[in-house]
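The values are calculated or read from the model by the stated rules, or taken from the named source; none is laboratory data. Computed from a predicted model, the values in this text were never measured in an experiment. Here the Cβ is made from the backbone with ideal geometry for all residues, glycine too, and neighbour counts use every protein chain on show. Areas reflect the complete protein model, heavy atoms only, side chains present, ligands, DNA and RNA absent. Shrake-Rupley method; radii C 1.70, N 1.55, O 1.52, S 1.80 Å.
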Amino acid sequence: MLKVFRDNLKYLSWVLWLVIIVFVLFVFVDFGATVPTGRTAPNDAAATVGRYKVTYAEFEETYRRTEDFYRQAYGEQFNRELAQRMGLPIQVIDNLIADKILLSEANRMGLRVTDGEVAESIGAISSFQLPDGGFVGEERYKEILRSNRVSIDQFEQSVRNDLLNEKVRAVLSDNLYVSEEQVIDSYRNRVETATIRYLRLPIDTLHDEIDLSDTQLEEFFSTHQEDFKLPERRVVDYLLLNPDELRSTVEVTDEDVRIYYEDNGEEFTREEQVKARHILLSVSAERTVEEAEAMLLEARSRVEAGEDFAVLAAEMSDDPGSKSRGGDLGFFGRGQMIGEFEEASFAAEPGDLVGPIETSFGLHLIQVEEKQAAGTRALDEVAEQIRSRLTSERSEELAAVQIQEMAERIRKEKLGEPEKLSLLAEAEAGVTFHSSPPFALDENVPGIGRRTDFSVKAFDLDLEAISDPVQVTRGWALLRLSEVQEPRIPALEDVRDAVEDALSDELQFALANERLTQLRSAVEAGSPLEEAGSTIDLSVSESSEFRRGDTVQGLGANPRIVTAALALDVGAIEGPVVHNRDVILFEVINRTHYDPAEFEKEKFEAHQTLRVERFNQMLTSLITQRRDEMGVRYDPQFLENFELAPVS
């Protein structure tokens, strides 16, 4: 893996290494899951960064691996809805974008990978090694790749790219300096702990005690006008051209389909495949091989007597990946399943029950449902798929041409007035006319998104000017800036509710601060924290142990409370401290201090741990900066497939 990771292997978190291990395990496995890719070809760009693209094929392969990792971690709880809530699609594609950025950085640094380095790296992969550690040989190497439907060129380019990325990381790591003072600070942050007891006074409980007069509001507003200043907002009229609306105008002939089929035959080839279900019974201290075999033999008899295999698999199977699908494994080719399982499945005929057979996972009962011979899928089998793809591509191309022609016509014929733009939209296929509400640069534009190219372009335009075509999620847009609302201080009446809320909050915080200050005086005079709190109906809560950078149990994130507690000794009182809409008074009841002697014993490990942390921070910063410089664009189809808002 990465040089800095190799150098500091023992200091990496177990979570990171679990991810790495799972990645390696699944390099040569296709789990048959599909992610929605819509009307896209494998080599189409799901996203681009600078001149580099992340293809749908790259995304789908990585997404399946990542999804299966989480499915093993979460079991039956993991589903598409959970993946969406986790933001898994955008996580995966952003990680792939980061890889492309590092490739760009490698080129910028002039880094190169030799053929010998590629060969050495491939030879170190266990899948290509003999039992004695030697290379399996050229023919066996190619056979393994072919059986997993991986082209040699693609695989070796992938290895080359990984090595280039590793060299970038090595250069960054070699230029990383960590001082002893930084190591001590980092070590202290990890070993110093505190525990507190606290009183919490929510300011909202004091709302009814606040009575605001008009005079107070006017005085407050006059001294806080900048807080209520409205940003510049803009209003645009725009034409929206949706390529999907042009599909009916695009002609794709049978001859077009045939030519595409003949020119792209590799897309439609397949190796021999089997579709099967299975029931897996694992063997453990609680279940012997004999017991598992007896259970599967009974299950086999029940299926032969007419029971549904899928129902039995859902009841019995120990395979979390297929159990919820009635043991369905989908179609799989050679080299995708463990040897004994594959051999039994490919030797059977559709409808056969096979097993029990034993593998390293346990015992299996297999039901073979369907077999597909190796070969090329027939033209009539894929014709509609090709037709849809060509229609989509041509409608996109037509839209790009049409929007450019419209922009030129608007300028040439002076059609920039809203009424003329509206009439133009009525006359053009797939085009609609819209007027936006006023929006600031960082605000959402209905139907467009937040801080997109659309908004940036709107804030670059002069009044009544027409923009160049701008690509948006739903197609293409031409913008006309119709109004600029300058930043301004509003009248009090326009923001009266906001001013009332702000003044009320200020007075509530002041009152809460006053009351807890009185309680602090009582505690410092000898009154127990519980007794002081009871005078205003507050009860004491106690946190768990925390370190710098941690959240505080019961309170959440508050660096000020954490920093203050770690600067005090047991018995010290601190506060009032503002926490969200609460005011806190707390007492330190436990402290673990930094021990210089212990630090000396752990100094080397502390240094390496900090290097890994700083390296990751540096890498993240570099990738973020390069993203901004190179520009990232997500394919609208990708965003639509995963129901994602436009990403800026």
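Quick notes on this one:
- Among the residues making up region 358-379, those that are free of Cβ contacts under 8 Å to residues at least 60 places away in the same chain and under 27 Å from M295 (Cα atoms) are T359, S360.
- Failed criterion for L230 (all others in (1) under 30 Å from S360 (Cβ atoms); (2) modelled with pLDDT of 90 or more; (3) among the hydrophobic types (A, V, I, L, M, F, W, C); (4) surrounded by fewer than 18 Cβ atoms within 10 Å (Cβ to Cβ) hold): (1)
- Where helices (runs of 4 or more DSSP H) sit wholly within region 59-173, those with at least 3 residues that are closer than 23 Å to F642 by Cβ occupy 80-85, 88-109.
- Pairs with Cβ under 9 Å, 6+ apart, first in region 556-567 and closer than 14 Å to E545 by Cα, second part of a helix (DSSP H, G or I) and open to solvent by 70 Å² or more (accessible area, probe 1.4 Å): L566/R188
- L172 being open to solvent by less than 50 Å² (accessible area, probe 1.4 Å), modelled with pLDDT of 90 or more, hydrophobic (A, V, I, L, M, F, W, C) and under 29 Å from I623 (Cα atoms): no
- Wholly enclosed helices (runs of 4 or more DSSP H) of region 532-648 bearing at least 1 residues out of contact with any helix residue (DSSP H, G or I) (no Cβ under 9 Å at 6 or more places or on another chain) and under 30 Å from F454 (Cα atoms): 596-630, 636-641
- Subset of region 248-287 that is farther than 30 Å from E370 by Cβ and open to solvent by 60 Å² or more (accessible area, probe 1.4 Å) - its residue that is nearest to the chain's Cα centre (by Cα): S248
- Among the residues of region 209-222, the ones that are exposed (fewer than 12 other Cβ atoms within 10 Å of the Cβ) and within 21 Å of E514 (Cβ to Cβ) come to 3 in all.
- Check on L390, part of a helix (DSSP H, G or I) and crowded, with 17+ Cβ neighbours inside 10 Å: yes
- Cβ separations smaller than 7 Å between residues 6+ apart or across chains give the following pairs from region 497-525 residues that are under 14 Å from P202 (Cα atoms) and of a type in the set (S, T, N, Q) to residues that are assigned to a helix (DSSP H, G or I) and open to solvent by 40 Å² or more (accessible area, probe 1.4 Å): S504/H207; Q508/H207.
- Being over 30 Å from E226 (Cα atoms), open to solvent by 50 Å² or more (accessible area, probe 1.4 Å) and within 41 Å of the chain's Cα centre (by Cα) is true of R548.
- Near pairs, Cβ below 6 angstrom, 6+ apart or cross-chain, from region 139-165 (open to solvent by less than 40 Å² (accessible area, probe 1.4 Å)) to any residue that is acidic (D, E) and in a helix (DSSP H, G or I): L163/E117
- Checked against (1) surrounded by 17 or more Cβ atoms within 10 Å (Cβ to Cβ); (2) modelled with pLDDT of 90 or more, E117 meets all criteria but (1).
- Residue within region 491-506 that is in contact with a Ser or Thr (Cβ under 7 Å, 6 or more places away or on another chain) and crowded, with 16+ Cβ neighbours inside 10 Å present: no
- Restricting attention to region 444-463, the residues being surrounded by fewer than 17 Cβ atoms within 10 Å (Cβ to Cβ) and in contact with a Lys or Arg (Cβ under 7 Å, 6 or more places away or on another chain) number 2.
- Taking every residue in region 242-265 that is in contact (Cβ under 8 Å) with a residue 12 or more places away in the chain and within 20 Å of F433 (Cβ to Cβ) and pairing it with any residue that is open to solvent by 40 Å² or more (accessible area, probe 1.4 Å) and hydrophobic (A, V, I, L, M, F, W, C), at least 6 positions away or on another chain, the pairs with Cβ-Cβ distances below 8 Å are P243/L398; P243/W476; E245/A429; L246/L398; L246/A429; T249/L398; T249/A429.
Yes or no, residue by residue, for (1) closer than 29 Å to D208 by Cα; (2) exposed (fewer than 14 other Cβ atoms within 10 Å of the Cβ); (3) modelled with pLDDT under 95; (4) among the hydrophobic types (A, V, I, L, M, F, W, C):
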site: N513; (1), (2), (3), (4): yes, no, no, no
site: A522; (1), (2), (3), (4): yes, no, no, yes
site: E531; (1), (2), (3), (4): yes, yes, no, no
site: F599; (1), (2), (3), (4): no, no, yes, yes
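- Boolean, E396 is among the acidic types (D, E) and under 35 Å from the mean Cα position of the chain (by Cα): yes
- Test: residue in region 470-480 that is within 30 Å of F638 (Cβ to Cβ), assigned to a loop (DSSP other than H, G, I, E, B) and open to solvent by less than 50 Å² (accessible area, probe 1.4 Å): yes
- Given (1) assigned to a helix (DSSP H, G or I); (2) over 35 Å from the mean Cα position of the chain (by Cα), index of the condition E349 fails: (1)
- Per-region count, region 559-575, residues open to solvent by 30 Å² or more (accessible area, probe 1.4 Å) and on the phi < 0 side of the Ramachandran plot: 8
- Residues (surrounded by fewer than 17 Cβ atoms within 10 Å (Cβ to Cβ) and either in contact with a Leu (Cβ under 9 Å, 6 or more places away or on another chain) or under 19 Å from A458 (Cα atoms) (or both)) located in region 401-412: Q404, E408, R409, R411
- Looking only at residues in region 356-371 that are out of contact with any Gly (no Cβ under 9 Å at 6 or more places or on another chain) and open to solvent by 20 Å² or more (accessible area, probe 1.4 Å), the one that is farthest from G306 (Cα to Cα) is S360.
- Looking only at residues of region 62-97 that are open to solvent by 30 Å² or more (accessible area, probe 1.4 Å) and free of Cβ contacts under 8 Å to residues at least 12 places away in the same chain, we find that the one that is farthest from the chain's Cα centre (by Cα) is Q77.
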